[in-house]
Amino acid sequence: MDEQIRSVRTGAICLIIFSLAVIAATIILDYLYLYPSGHGASLHLNLAILEKPGIREYLAIIAFLPFFLVPGAVGVYSYLQSEAQGTMRTAMYFALLGALAWVIDAMLWPSLNWYLATGYTVLAKGKMTNDMLYLIGGLNSYFHVFIGVYLKVFALSFWMWLVSWTGLRHNKLPAWLCYFGIVLAIIAWITLLARILFGDPLIIDYGVNVYPIYDLWIFFLGCFMLAKINKEL
């Protein structure tokens, strides 16, 4: 029992840290570094932004923030496993998959895209060949769109839906939080389908794939679990 309580408490703390850290990192990128985070892995950077001191190191550090979801998902599993162990194990696996997809997407900028963006900026004045443009487009399509959008949003939304459904069915989570997670997951799946069928990145980039929406649900989930487990001690 003590091990389960520690797992739940650690997971709840990690969920809270993750949600607050992602929001803080996004604000810093937007207003301190003027980083166009809304465009994700697109190449809308210029040399002035690329040359800002510390931005590449900062991007590399925050790329590891999604790993906080790993102990967080384990904590959620420990909290709900007595009610639906198989379902929560599946939910945990999807959370781990979503976190890994998020990390791969976030690592794209300080690594591969850093050099591509630099080359694009330097060669943009009539010297960029079609081969280079297709290479850049293909890499961004695979790492950012298919992994960073499709896989990440689907996996995390499925985790949210399973956790919310289990918490609602067994009265282990607040009803409003469960309904919020279920509705958000359904909206994510609908917009993902629309993104695949119609190919409009604005549907995802400025719709359901806005970090504060996910972070809000994750933050409240972590706060509730932490308060609940402390109350039971």
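Quick look at the values:
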| item | result |
| --- | --- |
| Residue that is farthest from the chain's Cα centre (by Cα), among those in segment 82-92 that are free of Cβ contacts under 8 Å to residues at least 40 places away in the same chain and within 20 Å of R6 (Cα to Cα) | S82 |
| Residue match in segment 74-84 (condition: more than 30 Å from I182 (Cβ to Cβ) and at pLDDT below 90) | no |
| Checklist (1) surrounded by fewer than 20 Cβ atoms within 10 Å (Cβ to Cβ); (2) among the hydrophobic types (A, V, I, L, M, F, W, C); (3) at pLDDT 80 or above applied to V122, failing item | (3) |
| Any hit, segment 135-154, residues being at pLDDT below 85, among the aliphatic types (A, V, I, L, M) and within 12 Å of the chain's Cα centre (by Cα) | yes |
| The lone exception for R89 - which of (1) in a helix (DSSP H, G or I); (2) at pLDDT below 90; (3) among the basic types (K, R) it fails | (2) |
| Lone unmet requirement of (1) of a type in the set (A, V, I, L, M, F, W, C); (2) under 20 Å from G75 (Cβ atoms); (3) at pLDDT 90 or above for L233 | (3) |
| Unmet criterion (only one of (1) within 18 Å of H144 (Cβ to Cβ); (2) within 21 Å of the chain's Cα centre (by Cα); (3) at pLDDT below 85) for Y31 | (1) |
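The values are calculated or read from the model by the stated rules, or taken from the named source; none is laboratory data. Only a predicted model underlies this, so the values are computations on that prediction, with no experimental measurement involved. No Cβ is skipped: glycine too gets one built from the backbone with ideal geometry, and neighbour counts run over all protein chains shown.
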